[in-house]
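The values are calculated or read from the model by the stated rules, or taken from the named source; none is laboratory data. Worth saying up front: this structure is predicted, and the values here are computed from it rather than measured. Note: ideal-geometry Cβ built from the backbone for every residue, glycine included; neighbour counts use all protein chains shown.
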Amino acid sequence: MKTIEKFYRKIAEYLAKRVKPQTIQFTISVSFTIVSVCSMGILGVTLYNRFVNRMEDMTIESSEQLLNQTAINLETYLRNMRRISDAMYYSVIKDKDLAVDSVDEEMNLLYEANKDNLISIACYTNDGKLVAAAPVTNEKDNSDIVDQEWFVNAVDQMENLHFSTPHVQNLFDNAAYRYYWVVSLSRAVELTSNGNSTLGVLLVDMNYSSIEQLFNKANTDNSSEYVYLMDSDGEIIYHPKQKLIYTNLYEENNLEAVHYDDGSHQEIFQGEKRLITVKTVSYTGWKIVSVVPMSAFNMGLYGTRMFVIMLMALSMLLIIIINQLVSARIAKPLQRLNESVKEWEAGNLNPTIYVGGSLEVEHLGKTLRSTVEQINQLMHDILYEQEEKRKSELDALQSQINPHFLYNTLDSIVWMIEGERYEDAVFMITQLASLFRISLSRGKTIISVEDEIKHAKNYMNIQKIRYKNSFAIDFSIEEEILHCCTVKLVVQPLLENAIYYGVEGMDGEGEIHVKGYRKEDDIYIEVSDNGLGMPQDMVEQLLTDNNRVRKHGSGVGVINVHNRIRLRFGKPYGLEIESMPDEGTTIRIHLPYIPYEPEKLELLENGKMQELKGGKSNEEK
Amino acid sequence: MKKNRIYFGLLILALVVTIVWTSAGMLGVNKEEKKYSVSVIVNDSNNDRWIAMREGLEQAAKDDDIQLNYVSTGVFASEDEEKALIEREVENGADGIIVQLVSSEDTYAVFEKIDSSVAVMLLETDAVSEGVYSVTAPDNLWIGEALAQTVLQDYGDSLSEKKIGILSGNQNQLSMQQRLGSVKKLLEDENIEPVWILSGQGENLSSELVTKQADEPVDILITLGNAETETAVDYLQADTSYKRQFMIYGEGCSDKTVYYLDKGIIKSLVVPNEFNMGYQSVHTIAEQIKYKFSSAESTTVESLVINRQNLYDEENQKILFPIVQ
C-alpha cells in the first residue's frame, strides 16, 4: 500500500513539475479529446479486428464449402468411373468366355453412354495383348503396354482399383494427330477363355478435361484464390497453372501440403503468407487444396480498412469540435469573471462584475460583486476617517498660531499704552479686532482671498505701528482672484517672516510686496522682500525641517503654512521659495483656482478636495 | 497558448487529411486498372504449331491482366505485309506488339512508323542488329547443334557414307541462319558436306524437294523448322512406294510432327518449349509496358531433343502435349 501511495505521490509531483497550469477550456478540451480519441481508437481497432477475424472465418468457411463442393463433384465423377469399371468387369467380363463371346458390344455401349467423360475402355491380357477396346481403333505398334504405369500398378496390387496421375494416352493410333491427356483407372481382372481363367487388366481412361473442367469451375473467381488437386504422393493432378509448373515458371508447395491433415493451415511459401485448406478425396487418397494468399485477403480488406479509418477520423473530428463547444461553454463564464477581476486588479474601483453562466459561477459573480461593493464602502469610510483626522490636525495647527500672534500684538499694545499713544493703541486694537474676526471666521478654515488679504493688511497695519513705519508695504491683488478660496492665515505668517528675517532694521529701506494673480487654473500670491535673503541650503530646509528652532515671530514657520495648504488642496500645491543672499526673498503661495461658492466651500471644509477636483474635471469634460 | 493552438490546428489538419485520404482510397478500390492490350503477329497464325505457344500467351495474359489480341494471319508473302499489319495494330491502340519477323534484315523499315512508346517483342528470331529489340526465342544455335549432334550420334563412323540434305527454311530469318550455321559447322568439323541445302517455304519447297530428291537422293534430311519438317513428312507420306528414302531429323512442335515422330517417320525431333516462349514473351512485354522499361530484354527458352523412345517420358509429355484439346 505504501509503495502505491509513494508511486502516486511521485507521479503527482512529476506532473506538478512538468505540467504548467493551463486555462480551464484547454484542460477540459485536451482531457476530453485524449479520452475520446483513445476510446475511439480502441473501439475502432477492436471492431476492425473482430471484422477481420469474422472475414477470415468466412473466407475459411467459404473455401471449405467450395472445397467440399468440389470434392463431392470429384467423388461423384470418380465413383461413376469406378461404376463403369465395375459394370464392365462384374456384368460383362466375368460372365463371358472370351474364346466364345465378344465383349465389344457391351463395352461400346458403356463407352457411348459415358462418352463425355471417357477417352476409351480397354481390356488387356496379362501379357499386354488387347482383348477388346472401345471405341474401336488401331492399336499402336510401339506402345509397351506391360511397362505402362497403370498396367504395372494393376498387376502389382490386384485387389485394388488404381487411379493414375494425368498422362498422355499411349495406346491407339489417331490419324488426326490427337493426343489425349487421361487419368487411367486400372484394375486386375479375371479373364475366362475356354473355361480357363487368366489374369487381365481392365483400363478405363478418363478424359482429363472432365477433371479440369470440374476444377476450372471452382477457379472461375478472378481473385488470387485457387484450388488444386494432387495425388497422395503430392504429384499434381490439376493446377490452374499446371503448364507453368511443368515448365518451371511457377512453383507450388504441393510436396509440403501433402503432409497436411484435412482442415485449414497457415503457411509461408516463397515469402507469402497463405491460408491453405486441405480435403482428402475418399478412395483415391487424392487431396484437394484451396489456397488463399493473405495478400488477396488484405486487398479485399483495403476498402474496409479505409472505411474504418475514415469513420474513426470523422468521429474524432466531431468529438473534438463538440469538446471545444462544451469546454467553451463551461469556461467562458469563468473567463469573463476572471476578466472582471483583472479589471478590478488594474485599478478600476467600480468594475462591472460578470454575473452569469452556470449556477456556481453565477454565485461566485454575485459574491464578488457584493464583496467589491463592501470594499468600496470600507475604503470610503477609511478616507472619511482620514479626512476627519486631517481636519483635527489642521485645527490644532491653527490654534498653534493664535496664542503666538496674540501675545506679540498685545505686547505691542501694552507698549503703546505705556507710551501713552492711545490713538495708535485704538487703531491697533481695531485692526486686531478685524484680524481676529477674520481669523475666527465662524470656525471656518476656508475663507476668500479677499478676507485673507484684508487679514494680511490688518496684520501689516499692526506691524507698521510696532515698527514705526520702518519698511514699506504694497499690495497688488488681481480683482479676479479676490473671490477665490484659500486656507485662512497663510499670507500673514509669510509677512511675519519677511519682517523678521527680511526688512527688520533696514531703516526705511525695507520693502515688502504682496502680489496676487491667476495663472490658468491656479492662483499665486507672492510675498517678496528686498531683505537679507538666504542661501540655497537654507531655502531647502525651510520647507522640510519641521523641528527648526525659530528666533522670532509666532514660532510657527513657513512649513506650517506649506503643510496646511498641501493637506487641504493636495500635494501639487503649497509654497515655493526663491531667495538670494543680500538680494531678498520671494515666497509664492500656490493654490488651485476655486471660486468662493457655498457648495465648494462645504466640500473643501470637509476635506473632499478629490471630489471637488473630480467634479471639476467632469464639468470640463 | 499559441503553441497549443498550433498543435490543435495540426491535429484537426491531420484528421481532415486522413478523411480525404481514406475517401480517395475507398473510391480508388473499385476503380479498374487500365488493361493494356498486346497484339501478337505470327506467320500463319492458325497453324497447329502455335497451339502450345498460344496456350502460353493466354496464360500470361490472364496472369498479367493483359488484353491479348492474337492477330489472324495467313502465310506472309513479304515483310511489307507484316509491316502493314503491325501498323494497323498500333493504330488500333495496341500498347505492345509481339511479332515473329518474316525477315531479320532491315527491321528499321518495319518499325519506322511505330512510336517508341509501343513495346516491341520479337518472337523466335532476333533481328540482324541484335540487342535492339526484346526477344523471346529458343537458343537457335543450340537447336542446330542438337540436330547435327543427334545425326552424328546415330550414325557414328558410317555417316561418311551417307548423304545429307538440309531444308533450311526461311533464310531471311536470323533464327534459321543460326540453325543452319551451327548444323553446317558441326558437320564440317566431321568433314561432312551436305549434298544440298534447300531454302524457302511452302509449295515451292515441296516441289523443289521432289526434284532434288529425284536428282540427288539423300539418306538423311535435316529440317530446320516446323514447316520444313512437315514438308519432309508429307513428302514421305506422299511417296506411294512406301520406301523410306531418308531419315528426318528436324525441328518441330506441332502435333503432326510429334505424331510422325511417334510413328517413326521422324527419327528425332528438337522441340522448343513453345508454351514457355508464349508465356515469357507476354509476361516480359507486360512488365515493359507497365513499368515503362525501355531496355531490350532477351529471354531464351529451352528446347528438348525427343525421339520415339523418350516421347512418353513424364517430363517430356508435360511439355510436348498441350493440355487443352
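Working only within the range B:96-127, note down all residues that are more than 23 Å from B:Arg54 (Cα to Cα), under 20 Å from the mean Cα position of the chain (by Cα) and of a type outside the set (Phe, Trp, Tyr).
Looking only at the range B:96-127, we keep the residues that are more than 23 Å from B:Arg54 (Cα to Cα), and these are B:105-117.
With the extra rule that they be under 20 Å from the mean Cα position of the chain (by Cα), the set shrinks to B:105-107, B:110-111.
The answer is B:Glu105, B:Asp106, B:Thr107, B:Val110.
Within the range A:17-32, is even one residue in contact (Cβ under 8 Å) with a residue 40 or more places away in the chain, assigned to a helix (DSSP H, G or I), within 14 Å of chain B (Cβ to nearest Cβ) and farther than 22 Å from A:Gln324 by Cα?
Scanning the range A:17-32, I find no residue that is in contact (Cβ under 8 Å) with a residue 40 or more places away in the chain, assigned to a helix (DSSP H, G or I), within 14 Å of chain B (Cβ to nearest Cβ) and farther than 22 Å from A:Gln324 by Cα, so the answer is no.
Listed residues B:Ser281, B:Ser254, B:Ser303, B:Ser298; which is at the interface with chain A (Cβ under 10 Å from one of its Cβ atoms) and within 16 Å of the chain's Cα centre (by Cα)?
Among B:Ser281, B:Ser254, B:Ser303, B:Ser298, only B:Ser254 is at the interface with chain A (Cβ under 10 Å from one of its Cβ atoms) and within 16 Å of the chain's Cα centre (by Cα).
In the range A:405-423, what residues are of a type in the set (Ser, Thr, Tyr) and surrounded by fewer than 13 Cβ atoms within 10 Å (Cβ to Cβ)?
Residues of the range A:405-423 of a type in the set (Ser, Thr, Tyr): A:407, A:409, A:412, A:422.
Within the range A:405-423, A:Tyr407, A:Tyr422 meet the criteria.
Do you know which residues across the range A:473-508 are in contact with a Gly (Cβ under 6 Å, 6 or more places away or on another chain) and among the small types (Gly, Ala, Ser)?
A:Gly502
Going by what's in this entry, would A:Val227 be described as under 60 Å from the mean Cα position of the chain (by Cα) and β-branched (Val, Ile, Thr)? It would help to see each step written out before you state the result.
Numbers: under 60 Å from the mean Cα position of the chain (by Cα): yes; β-branched (Val, Ile, Thr): yes.
When the stated conditions are applied, A:Val227 passes them.
Would you mention how many residues in the range A:576-602 are out of contact with any Ser or Thr (no Cβ under 7 Å at 6 or more places or on another chain) and crowded, with 21+ Cβ neighbours inside 10 Å?
Total meeting the criteria: 4.
What number of residues within the range B:1-19 satisfy the criterion of being surrounded by 13 or more Cβ atoms within 10 Å (Cβ to Cβ), modelled with pLDDT of 85 or more and farther than 21 Å from A:Met310 by Cβ?
Of the residues in that region, 0 qualify.
Against the conditions (1) in contact (Cβ under 8 Å) with a residue 12 or more places away in the chain; (2) in a helix (DSSP H, G or I), where does A:Leu244 fall short? Just the number, please.
Tallying (1) in contact (Cβ under 8 Å) with a residue 12 or more places away in the chain; (2) in a helix (DSSP H, G or I), A:Leu244 fails exactly one: (1).
Please enumerate the residues belonging to the range A:449-475 that are more than 18 Å from A:Leu494 (Cβ to Cβ) and either among the small types (Gly, Ala, Ser) or not in a helix (DSSP H, G or I) (or both). I'd like the intermediate steps shown before the answer.
Step one: filter the range A:449-475 for residues more than 18 Å from A:Leu494 (Cβ to Cβ), giving A:465, A:468-470.
Correct list: A:Lys468, A:Asn469, A:Ser470.
Being within 14 Å of another protein chain (Cβ to nearest Cβ), crowded, with 21+ Cβ neighbours inside 10 Å and not hydroxyl-bearing (Ser, Thr, Tyr): is that true of B:Ala52 here? Please lay out each step first, then the result.
Working: within 14 Å of another protein chain (Cβ to nearest Cβ): yes; crowded, with 21+ Cβ neighbours inside 10 Å: yes; not hydroxyl-bearing (Ser, Thr, Tyr): yes.
Yes: the conditions hold for B:Ala52.
Working only within the range A:304-329, note down all residues that are touching a Ser or Thr at 6+ places or on another chain (Cβ under 7 Å) and more than 9 Å from chain B (Cβ to nearest Cβ).
Correct list: A:Ile319, A:Asn323, A:Ser327.
Please find, among A:Tyr124, A:Tyr77, the residue that is outside any helix (DSSP H, G or I) and away from chain B (no Cβ under 14 Å).
After applying the criteria, what remains is A:Tyr124.
For the range B:262-275, give me each residue that is touching a residue at least 24 places away in the same chain (Cβ under 8 Å) and either facing chain A (nearest Cβ under 8 Å) or more than 28 Å from B:Thr299 (Cα to Cα) (or both).
Once the filter is applied, which keeps residues that are touching a residue at least 24 places away in the same chain (Cβ under 8 Å) and either facing chain A (nearest Cβ under 8 Å) or more than 28 Å from B:Thr299 (Cα to Cα) (or both), the range B:262-275 yields B:Asp262, B:Gly264, B:Ile265, B:Ile266, B:Lys267, B:Asn273, B:Phe275.
Just the residues that are in a helix (DSSP H, G or I) and surrounded by fewer than 24 Cβ atoms within 10 Å (Cβ to Cβ), please, taken from the range B:241-257.
B:Asp255, B:Lys256 - these are the residues of the range B:241-257 that are in a helix (DSSP H, G or I) and surrounded by fewer than 24 Cβ atoms within 10 Å (Cβ to Cβ).
Looking only at residues that are within 11 Å of another protein chain (Cβ to nearest Cβ) and not in a loop (DSSP other than H, G, I, E, B) in the range A:135-171, which one is surrounded by the fewest Cβ atoms within 10 Å (Cβ to Cβ)?
Among residues in the range A:135-171 that are within 11 Å of another protein chain (Cβ to nearest Cβ) and not in a loop (DSSP other than H, G, I, E, B), the one surrounded by the fewest Cβ atoms within 10 Å (Cβ to Cβ) is A:Asp147.
With the checklist (1) within 14 Å of another protein chain (Cβ to nearest Cβ); (2) over 24 Å from A:Thr70 (Cα atoms); (3) small (Gly, Ala, Ser) in hand, flag the one item A:Ser197 doesn't pass.
For A:Ser197, the exception is condition (1).
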